[in-house]
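Here the structure is laid out as structure tokens; the discussion comes afterwards.
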Amino acid sequence: MTRPMTEQQKWDKRIFIDPISGCHLWMYYLNACGYGQTRIGGRAGKNILAHRLSWLRTHNTLPDDLDVLHRCDNPRCVNVEHLFLGTAADNMADMSRKGRWGKRNLPTGTNHHRATAKLMAAEVIRIRSDPRQYREIAMEYGVHPSTVSNAKRRFTYAHIVC
């Protein structure tokens with residue numbers, strides 16, 4: 001008979017340590033903004049962001065009026081050494097200081113945490129200069145003709161300048 005996993009074993013199973021950045025990447029459920037999320041307290045429990053849980057596990061406290069911020073700017077990171085406490089205003093100031101404020105600085109295309117981009121930047125550039133019918137181009141790249149149309153008219157992939 002196998003023993004049930006301990007909380008630490010469950011935690012460790014959901015983490016990948018990036019040897020380059022030192023980030024402890026959450027490999028389980030990600031919310032719409034790319035932050036790790038899990039449930040504590042079983043079925044009757046509540047959802048919690050993984051980096052907040054990491055802080056709680058290490059420091060045994062989590063002030064309600066403070067956010068857990070990332071020094072590394074990686075929303076999946078749960079490495080306590082990369083985290084610090086701050087107010088919402090501190091978070092906004094940190095974003096601004098690091099140049100992450102405003103729509104222009106959001107990740108786009110295949111770099112977005114919810115990447116659904118079908119085409120790489122180089123392919124979009126080639127498609128935009130291709131004079132063939134959308135249907136022919138779409139078959140070559142394995143996408144729908146509307147994907148080609150939207151890319152050519154810059155409804156999608158607007159961040160790619162060519």
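Just so you know, all these numbers are worked out from the coordinates, no wet-lab data involved. Keep in mind the model is a prediction, meaning the values are calculated, not measured. Don't worry about glycine lacking a Cβ; one is built from the backbone with ideal geometry, like all the others, and counts go over all protein chains shown.
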Segments 14-22, 41-49 sorted - mean Cβ within 10 Å per residue, highest first: 14-22, 41-49
Lysines with Cα under 24 Å of LYS118, excluding same-chain neighbours fewer than 8 positions away: LYS103, LYS152
Stokes-Einstein diffusion coefficient of the chain, Kirkwood radius over Cα pairs, 20 °C, 1.002 mPa s, in µm²/s: 114 µm²/s
Proximal lysines to LYS46, defined as alpha-carbon separation beneath 23 angstrom and excluding residues fewer than eight positions away on the same chain: LYS10, LYS13
TYR157, TYR29, TYR35 arranged by Cβ crowding within 10 Å, fewest neighbours leading: TYR29, TYR35, TYR157
